[in-house]
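Coordinate-derived values only; no laboratory data. This structure is a prediction, so every number in the text was calculated from the model and none was measured. Positions of Cβ are generated from backbone atoms using ideal geometry, with glycine treated the same way; all protein chains shown enter the neighbour counts.
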Amino acid sequence: MSYPSQQKSFPLPNNRHQARCQKINEMELEIGTISGIEVEALETALSIVSRGTMLEKAKIVIHRIQGKARCEECGHEFALDLPFMPCPLCQSVHVVILQGKESHIKTLKAE
């Protein structure tokens with residue numbers, strides 16, 4: 001199985017001077033429903049690790065990206081609730097994951 005990647009990596013600044021901002025007001029995340037990430041656990045972890053950082057008082061917005069796949073046998077596109085599901089039309093297990101494995105920062109709003 002494969003899925004398209006549109007992510008780009010950028011080096012993160014090491015300190016506030018490099019970042020040229022004093023605080024982060026909002027962090028927007030995209031988390032796929034089949035990424036294996038439990039959103040409640042992520043929210044808890046972020047609230048703990050952000051203490052004393054520019055992210056401490058930031059609003060965290062999490063967008064869930066529904067899993068989606070395409071059957072390689074019949075071409076049907078369908079929603080994925082689990083990482084491994086057969087095609088609901090022809091029952092083939094030869095599917096390509098199109099989306100739902102995402103786990104990245106979409107935007108940071110800072111001042």
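Here are the numbers for the structure shown:
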| item | result |
| --- | --- |
| Fewest-first sequence of Ile48, Ile65, Ile31 by Cβ atoms within 10 Å of each Cβ | Ile48, Ile65, Ile31 |
| Amide H within-cut-off set for Leu80, under 5 Å, with H built and near neighbours excluded | Gly67, Lys68, Ala69 |
| Relative contact order, percent, the stretch 20-110 [alpha-carbon distance under 8 Å, six or more residues apart] | 44 percent |
| Taking Lys59, Lys106, Lys68 and counting other C-beta atoms within 10 Å, the order from fewest to most | Lys59, Lys106, Lys68 |
| Partners for Lys57 among aspartates and glutamates (Cα-Cα distance below 19 Å; same-chain residues under 8 apart left out) | Glu26, Glu28, Glu40, Glu43, Glu111 |
| Net charge, Lys59 excluded, C-beta distance under 10 Å - Lys, Arg +1, Asp, Glu -1 | 0 |
| 10 Å binning of all Cα-Cα separations within the stretch 20-110, expressed as whole percents from 0 upward | 17, 36, 22, 15, 9, 1 |
| Amide H partners (placed H, <5 Å) of Ser103, local residues excluded | Gly32 |
| Estimated distance in nm for a label pair at Leu42 and Ser103, the labels positioned 7 Å out from Cα along Cα-to-Cβ | 0.8 nm |
| Cβ-based net charge around Ile97, under 9 Å, with every Lys or Arg adding one and every Asp or Glu removing one | +3 |
